[in-house]
Structures are given as C-alpha cells and as structure tokens.
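Have a look at the structure below, then the notes.
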Amino acid sequence: MSYSTLQMERLDKGIVWVSIDNPPANAISDALVDDLDRLLTELEADQSARVLVIGSNHPKNFVAGADLKMMTQNASKFAGQGGAIRDAASRMQHVFDRIAKFPRPVVAAIHGHALGGGCELALACDFRFMSGGTIGLTEVSLGLIPGAGGTQRMTLLLGRAKAAELIFFAKRLSKEEAEAIGLITKAVEPDRLREEVLAFAQDLSERAVFAMGLAKQAMDAALPIDGGLRVEAENFERTFSTGEPLEGIAAFLQKRPAKFLKDTAAKA
C-alpha cells in the first residue's frame, strides 16, 4: 500500500519505522490523518509488524500541529453548521486513539518540534524518545484548546495540576525538561536518536509483544477517556464562538504577540 504523506521501512525483528513526510512543515492535514488511518489498518492485520516507530522526515519538526490556514478556512466554511468543527476534531481524535490502542508497542522518535497536534500524536505513543526541538500543547496561545486527545492524555500521564500548568501557559519544553517530568521516556543526543530508538525497539520486539497489546487493552479499561474526548471535541468547537482563535491564529500567522486583552483595554 502506498501513502502520500508517509514513508515506511520494514526493519529486522518486525520493526516498522514510519516517517511522516508532509511538506512544507509536516503539519497535520486531512491527507496525513487519512494515511495514518490506512496505515494502522494495514499493520493491525500484519502480525509480522511487532513494533511501530513513528518518526519524521522534516529537518526541524516532528509534526508541526494542525494546518492553521486550513483550520481558519474550515472555521469560515463551517460557520453556522453546528458540530462540523467538532466532527473534524473527532476524526483526528479517532485516528490518534487508534495509535494509542495499537495492539503492539508504539515508539515516537522525536527529533524536532512537537507542538500542539504534534505533541498530541507523541502522547498517543507508548514511548517517546526526543533528541531536539521543543514539545508542548500550545493551543491556548492561539485561543484554542488541544483537540486531538491532548487534554486527556497529558492529564493521565502527568496529573491534572501539571497538565493545567503546561496547557494554560502553552509551555514549550526542551527534551531535558520533558524527561524530568516524565513527558518523554528519554532525552538523547541528536546523532544517536535512530540508534537509541532502534535498540529500544529491538529489545521490545524480542519480548512478548502480543501480551503487551493485551496489557495495553487492560490498562486502557482502567482509564477510559471516551467521554473526555467527546467533551474535548465539543469544547474545541466552542472556542471559535469566543472570538479568541481569530486573534490568536492571526497573530501567529503575522508573527506578533496575540492581544487577547484588547477589548477589555478598549472598554477601560
């Protein structure tokens, strides 16, 4: 099967290394979401695929997050169509949830920035190795909220207080900061990322990976997030009614600080 935004390598011991290749910025697009969905269907049925590694071909970004220009266009396109933006968020949630529930281990190889949706994709993986760039859920800086599972998975991983701090302040963490709080599994040197990830993946692949898949299923049963994902998608859509995304996204595209207080200041 061929993919327009992914490159797949089949390596020794059942390791499948998938590199996201969606120029120019490796942003999350409809095509990338569709490709990931088809990839997971292919690999779930292939028992020779024992460990999935998700990496990137972009020189600076693991995944850049959602395509903001596309998001702005969709917001205008779907204006007045209740539920359309929610459904778009739910689609991305569904595919990332398939990564989280993939019945064998999944490792993220992060060599560059993993912000917003890129961080959400990394959070859906079982393990995260990082060699450079920054990582974080930065959506609130745009007047949005994480809409692809980030509010749920970061809270489950780090606890509510730390998740609130990182999400509310849209913090961008270095690999060392992310490792210190448990957001990533291991910080590595840039020239050793592939070597370290492959060694880790090979160690996993020699173990009982199908038992690991069943263990994942059992662990997920203890921490159901379906209801939380539904609220996240609904609230992602509701942010557009606040007016804040219009300012936040415009400021980002214009490379200036967002002015969320401007209406309050004008009234004062």
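The values are calculated or read from the model by the stated rules, or taken from the named source; none is laboratory data. Keep in mind it's a predicted model, so treat the numbers as computed, not measured. Virtual Cβ from ideal backbone geometry, glycine too; neighbours counted across all protein chains shown.
Scanning segment 116-134 for residues that are of a type in the set (A, V, I, L, M), within 10 Å of the chain's Cα centre (by Cα) and either part of a helix (DSSP H, G or I) or more than 18 Å from residue 93 (Cβ to Cβ) (or both) returns 121, 122, 123.
What number of residues within segment 196-213 satisfy the criterion of being in a helix (DSSP H, G or I) and more than 23 Å from the chain's Cα centre (by Cα)? Walk me through how you get there before you give the answer.
Residues of segment 196-213 that are in a helix (DSSP H, G or I), as a first pass: 196-205, 209-213.
Next, only the ones that are more than 23 Å from the chain's Cα centre (by Cα) stay: 199, 202-203, 205, 209-211.
Adding up the residues that qualify gives 7.
Name the single residue, out of those in segment 166-195 being part of a helix (DSSP H, G or I) and either touching a helix residue (DSSP H, G or I) at 6+ places or on another chain (Cβ under 6 Å) or hydrophobic (A, V, I, L, M, F, W, C) (or both), that is farthest from residue 13 (Cα to Cα). Steps first, answer last, please.
Of all residues in segment 166-195, those part of a helix (DSSP H, G or I) come to 166-168, 175-180, 190-195.
This time we only want the ones that are either touching a helix residue (DSSP H, G or I) at 6+ places or on another chain (Cβ under 6 Å) or hydrophobic (A, V, I, L, M, F, W, C) (or both), so: 166-168, 178, 180, 193.
Values: 166: 37, 167: 38, 168: 42, 178: 29, 180: 31, 193: 19 Å.
My answer is 168.
Quick one: in segment 228-243, which of the residues that are acidic (Asp, Glu) and at pLDDT 95 or above is nearest to the chain's Cα centre (by Cα)? Selected residue: 232.
Report whether or not residue 186 is surrounded by fewer than 17 Cβ atoms within 10 Å (Cβ to Cβ), closer than 18 Å to residue 129 by Cβ and either at pLDDT below 95 or under 20 Å from the mean Cα position of the chain (by Cα) (or both). Show your work before the answer.
Numbers: surrounded by fewer than 17 Cβ atoms within 10 Å (Cβ to Cβ): yes; closer than 18 Å to residue 129 by Cβ: yes; either at pLDDT below 95 or under 20 Å from the mean Cα position of the chain (by Cα) (or both): yes.
When the stated conditions are applied, residue 186 passes them.
Inspect segment 115-129 for any residue being at pLDDT below 95, within 20 Å of residue 228 (Cβ to Cβ) and buried (at least 23 other Cβ atoms within 10 Å of the Cβ) and give the result as yes or no.
If we filter segment 115-129 for residues that are at pLDDT below 95, which is where we start, we get none.
Looking through segment 115-129, none of the residues is at pLDDT below 95, within 20 Å of residue 228 (Cβ to Cβ) and buried (at least 23 other Cβ atoms within 10 Å of the Cβ).
Might you let me know whether segment 157-165 holds any residue that is part of a helix (DSSP H, G or I), without any contact (Cβ under 8 Å) to a residue 40 or more places away in the chain and in contact with a helix residue (DSSP H, G or I) (Cβ under 6 Å, 6 or more places away or on another chain)? Yes, segment 157-165 contains at least one residue that is part of a helix (DSSP H, G or I), without any contact (Cβ under 8 Å) to a residue 40 or more places away in the chain and in contact with a helix residue (DSSP H, G or I) (Cβ under 6 Å, 6 or more places away or on another chain).
Evaluate segment 167-178: report whether one residue or more is of a type in the set (Val, Ile, Thr), surrounded by 20 or more Cβ atoms within 10 Å (Cβ to Cβ) and modelled with pLDDT of 95 or more.
Taking segment 167-178 first, the residues of a type in the set (Val, Ile, Thr) are 167.
Narrowing further to those that are surrounded by 20 or more Cβ atoms within 10 Å (Cβ to Cβ): 167.
Retained after the next criterion (residues that are modelled with pLDDT of 95 or more): 167.
Looking through segment 167-178, at least one residue is of a type in the set (Val, Ile, Thr), surrounded by 20 or more Cβ atoms within 10 Å (Cβ to Cβ) and modelled with pLDDT of 95 or more.
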